[in-house]
Amino acid sequence: MKKLAIILSGLMIISCQDIENCETNDNLDFMVVRFYDLESESSKKIGFTITAENSPYTFTPFTDSTGVGLPLNPEDTTTTYFFDSDTSHFELEISYDELQVTIFDPKCDPFYTFIGLDTVRQTFDSTVVVGTVTNRQISTNVEIYF
């Protein structure tokens, strides 16, 4: 009986070891925006400089230049983005209804999931929110047509 207790204690210690893997989370703290031609509805390469209101950062489009990941502000329910080029200026204001914060491991940063994404205001020809939750399983949150 004493051996069994020692073996079970050892198994419990092994099974309770921290498995620090901060990369296995499906949550994203940014939304994915993709750009399309208004008339043909095909992917459209962009050359914008993108900034967010009250942010010192500039966001760079994905390598294929037809989409970009834009961070959302966990401290405010809306974020306004400015899309500028030599010949144009567009704005997009996005809101969310709910913020879920998850901590998988004390050694990992918290993960944010933004739920209920919606457009508040925009100056593009058309925008469509196709994914209302920021998650790795959703490849696009907002489609922009211009």
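The values are calculated or read from the model by the stated rules, or taken from the named source; none is laboratory data. No experiment lies behind these values; they were computed from the predicted model shown. Every residue, glycine as well, gets a Cβ built from its backbone with ideal geometry; the counts of neighbours run over all protein chains shown.
When residue 29 is tested against (1) at pLDDT 85 or above; (2) under 17 Å from the mean Cα position of the chain (by Cα); (3) under 15 Å from residue 142 (Cα atoms), exactly one condition is not met: (1). Restricting attention to region 102-146 and to residues that are part of a strand (DSSP E or B) and among the aromatic types (Phe, Trp, Tyr), the residue that is surrounded by the most Cβ atoms within 10 Å (Cβ to Cβ) turns out to be 114.
Residue by residue, here is whether (1) modelled with pLDDT under 95; (2) touching a helix residue (DSSP H, G or I) at 6+ places or on another chain (Cβ under 6 Å); (3) under 19 Å from residue 140 (Cβ atoms); (4) small (Gly, Ala, Ser) holds:
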site: 61; (1), (2), (3), (4): yes, no, yes, no
site: 64; (1), (2), (3), (4): yes, no, yes, no
site: 67; (1), (2), (3), (4): yes, no, yes, yes
site: 71; (1), (2), (3), (4): yes, no, yes, no
site: 81; (1), (2), (3), (4): no, no, yes, no
site: 86; (1), (2), (3), (4): yes, no, no, no
site: 90; (1), (2), (3), (4): no, no, yes, no
site: 94; (1), (2), (3), (4): no, no, yes, no
site: 101; (1), (2), (3), (4): yes, no, no, no
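Residues of region 57-101 being surrounded by fewer than 16 Cβ atoms within 10 Å (Cβ to Cβ), free of Cβ contacts under 8 Å to residues at least 40 places away in the same chain, of a type in the set (Val, Ile, Thr) and outside any loop (DSSP other than H, G, I, E, B), which ones? 58, 101 - these are the residues of region 57-101 that are surrounded by fewer than 16 Cβ atoms within 10 Å (Cβ to Cβ), free of Cβ contacts under 8 Å to residues at least 40 places away in the same chain, of a type in the set (Val, Ile, Thr) and outside any loop (DSSP other than H, G, I, E, B).
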